[in-house]
Amino acid sequence: MRSIHRWHGSRITRGVLRVWRLASVIVLLPAVTSAQTWADAYKAGDYRKAAELLQPIVVADVQSLSPPEMDPAPARHLAILYASGSGVDGDPVLACALAQLSHQALGTRPPRVEGDPLAWAAAYKAAIDESERFTRGNCDGLTKRQQQAVGDAMGCLAFGMAETRLTIGNQTVLVDRSGFRLSETDQSPANGGWCPQLIARVGSRTIDPPADAAPGIVARSFVELLGWQAMRKAGEPGIRYVLSWTMFELRGKKLELVATEHLLSASIWPSTALPPDFDARFNVEMIRSGHVRWRFAGAPPTRGWIMLQEGGSR
Amino acid sequence: MTFRWPRALAVAAGLLLAPFVDQLFACSCMASGPPCQAAWTADVVFAGKVRSIEPIDGMPGEPARLYSLRVTFDVERGFINPPSAVVEVATGAGGGDCGYRFVAGRRYLVYAWRPPSGGLSTGICSRTRPIEEAREDVAYLSAITDKSSGGRVYGRVNEWRRDPAEERGVDYGPLAGITVSVQGPAMVKDVVTDANGRFEVANLPVGKAKVTAQAPFGFDARYLTQEIEIRDLRACSVHDFTLTQRATASGTVVDASGRPLAGVQVDAVAAELAGYDPPPYQRPATTDERGAFEFDNLPPGTYAFGVNLTIRVGVRRSGASVFLPGVPAARDAKVVELKAGDDASVGMVRLSAR
């Protein structure tokens, strides 16, 4: 080190300072140019707002842009929020996945060379090193199972996907990023091939027969998932967010996908997971024969059936 | 055992009457019913092992045969009109000709008919099946005795219901307490369906009869009579009925000055879909010279009536939507709730300019 400068009690060279400034530019420049609002919220300490604004940016990056073009800053800052539980429920798995996404983006998007190429190369390497340390800091402490979940999260970036256990009938369903699976079977997790970006509701639902049901008709048990999914329609600018509803039915020792439907659509990232009147607009009921009818008072209204399987409950 | 000639299933008979294979496009079967029904509609029933399968060669210039394969069986057990130890049965090669795909060396329970042209034939419209899948059949056939107090008719009555906003009906389950009558030349028997919608009428004489489900108020009473034939005192006949609820609605269409308009197609759409261009789940009604229209078979529900309310398949919309009583917006439309059995007059649709 040729010269020294005071920085948090340590001394760094002028060249290293230049590296640090460049690294800051690499990380924060996109924030300043393309996401002023989340950066403002972040700087102001309004982490909840910052997270709300960062989530769709990261989703848009992951969904619609290839990794070389991805902006590393939003994913990095969102990782910090999920790691610390600032403004969001802490989620170390998601923090690690976001850190990795940010690191990937940085690694595949070298800065433009301006001025001294050697200095810029050094700065870029320093930024990469720093990003790697950041990623390790978020990922190294995870358990093996959590690391596996990070892989699922990288494959399907879903916010609000908490690991949980649901009880339906006398069965326990394990819910995590890989999907649903019964605790007592070795059935592969069921997820319906669906990748929601914002989980609105995960729960069990038991639908009882009506009072006048035919003899032998019994209650039917389901696992239900509601989540917003980012989509891009061909020929339409921007991303649309659709509220997808998926039902898996407990049939014997298996969970089977029985319904999937888009119930709502939004042009902006949904500020609340479900509209306040959602449950009043959504009706699921069993008829006498054991078939289950669902109706959603949307515009237009949608409806459908979850038929009783042949020789099922009857 | 009496010899019955010729007694093929209705569809099979239709197939046998068809002179050329190329006139057939697909095989469509009526249900052959349970063993107690199938055994008495076939001419020969036996268990046997396929010895060989050979094509049936026609003479030059002869039209193609309906059944193109000759299957030779070593008969192991005869049940109905037992054939000789070795028997040939004609069948098709599959692919829409209703032929049964036998495999040489395998054992089958064969339900065969005697076509007018002679010999025996069978196909997928019969209960013919591999012997290992014919336990129920063999059990019944083995238990047949010479004595019986009479034939049986049994079945189930279910309700199908369709919501106005849906294209298809759904099984709503069994209907209990429905009267089912069996009427023959010299007898009438009534039974009532149980909680599972099931009915059974026993001790029926040999001969033709009519089975009728009595529709309660609000249900469509059409198409609820089926003709049956008890061919043997040991035979059964299975018939299921589907009842649907029904309502009717009528009204008129007039122009701005109140004159009736004839030839106008009127739509009835589920009120919840009004304004969203639903498909035509209900067949449109056309006004007569008095401007009157009538829907005589609507499923109960809440409706909006009017003109140009639906997207008709293959037809471009010819004008703007007008809802009862003559308004352009669905939110202003008069909606009508129809209950089962209702015969409602919905009023007048006034078209301002056409």
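The values are calculated or read from the model by the stated rules, or taken from the named source; none is laboratory data. Remember, it's a predicted structure, so these values are computed and weren't measured experimentally. Glycine gets a Cβ as well: all are built from the backbone with ideal geometry, and neighbour counts include every protein chain shown.
Here are some notes:
- Output for the range B:80-138, where each listed residue is outside any loop (DSSP other than H, G, I, E, B) and polar (S, T, N, Q): B:91, B:121
- Restricting attention to the range B:194-211 and to residues that are closer than 14 Å to residue B:228 by Cβ and surrounded by 18 or more Cβ atoms within 10 Å (Cβ to Cβ), the residue that is nearest to the other protein chains (Cβ to nearest Cβ) turns out to be B:199.
- Annotation note: of A:137, A:179, A:151, A:141, the sole residue that is in contact with a helix residue (DSSP H, G or I) (Cβ under 9 Å, 6 or more places away or on another chain) and surrounded by fewer than 13 Cβ atoms within 10 Å (Cβ to Cβ) is A:141.
- Some residue of the range B:162-178 being modelled with pLDDT of 95 or more and more than 30 Å from residue A:303 (Cα to Cα): yes
- Members of the range B:262-273 found to be hydrophobic (A, V, I, L, M, F, W, C), crowded, with 20+ Cβ neighbours inside 10 Å and away from every other protein chain (no Cβ under 14 Å), listed by number: B:264, B:266, B:268
- Among the residues of the range A:198-246, the ones that are in contact with a Leu (Cβ under 9 Å, 6 or more places away or on another chain) and basic (Lys, Arg) come to 2 in all.
- Any hit, the range B:225-239, residues being within 12 Å of chain A (Cβ to nearest Cβ), not in a loop (DSSP other than H, G, I, E, B) and not small (Gly, Ala, Ser): no
- Selection within the range A:258-274 - among the hydrophobic types (A, V, I, L, M, F, W, C) and surrounded by 16 or more Cβ atoms within 10 Å (Cβ to Cβ): A:258, A:259, A:263, A:264, A:269, A:273, A:274
- Lone qualifier among A:101, A:81 - being within 21 Å of residue A:43 (Cα to Cα), assigned to a helix (DSSP H, G or I) and within 15 Å of the chain's Cα centre (by Cα): A:81
- Scanning the range B:151-163 for residues that are more than 9 Å from chain A (Cβ to nearest Cβ) and surrounded by 22 or more Cβ atoms within 10 Å (Cβ to Cβ), we see that the one that is farthest from the chain's Cα centre (by Cα) is B:151.
- Here residue A:277 passes the criteria (1) touching a strand residue (DSSP E or B) at 6+ places or on another chain (Cβ under 7 Å); (2) exposed (fewer than 15 other Cβ atoms within 10 Å of the Cβ); (3) at pLDDT below 95 except the one numbered (1).
- Complete set of residues in the range B:243-260 that are in a loop (DSSP other than H, G, I, E, B) and either buried (at least 16 other Cβ atoms within 10 Å of the Cβ) or not assigned by TED's automatic domain parsing to the domain that holds residue B:280 (or both): B:246
- Strands (runs of 3 or more DSSP E) fully within the range A:200-314 that include at least 3 residues being under 29 Å from residue B:168 (Cα atoms) and within 14 Å of another protein chain (Cβ to nearest Cβ): A:282-286, A:292-296, A:302-306.
- Residue B:148 meets the conditions (1) within 14 Å of chain A (Cβ to nearest Cβ); (2) touching a residue at least 60 places away in the same chain (Cβ under 8 Å) in every case but one. The failed one is (1).
- Considering the range B:173-193, and only residues there that are buried (at least 16 other Cβ atoms within 10 Å of the Cβ) and part of a loop (DSSP other than H, G, I, E, B), the residue that is farthest from the other protein chains (Cβ to nearest Cβ) turns out to be B:178.
- Filter result for residue A:184 (of a type in the set (D, E, K, R) and within 18 Å of the chain's Cα centre (by Cα)): no
- Members of the range A:166-183 found to be in a strand (DSSP E or B) and within 16 Å of residue A:206 (Cβ to Cβ), listed by number: A:166, A:167, A:168, A:171, A:172, A:173, A:180, A:182
- Condition met for residue B:122 (hydroxyl-bearing (Ser, Thr, Tyr), more than 27 Å from residue A:308 (Cα to Cα) and either free of Cβ contacts under 8 Å to residues at least 40 places away in the same chain or surrounded by fewer than 21 Cβ atoms within 10 Å (Cβ to Cβ) (or both)): yes
- Taken over the range B:219-237, the criterion of being within 21 Å of the chain's Cα centre (by Cα) and touching a residue at least 40 places away in the same chain (Cβ under 8 Å) is satisfied by B:219, B:220, B:228, B:230, B:236, B:237.
- Restricting the range A:109-160 to residues that are among the polar types (S, T, N, Q) and part of a helix (DSSP H, G or I) leaves a set whose member that is farthest from residue A:84 (Cα to Cα) is A:148.
- Taken together, the criteria place residue B:240 among residues that are outside the structural domain of residue B:346 (by TED's automatic domain parsing) and touching a residue at least 60 places away in the same chain (Cβ under 8 Å).
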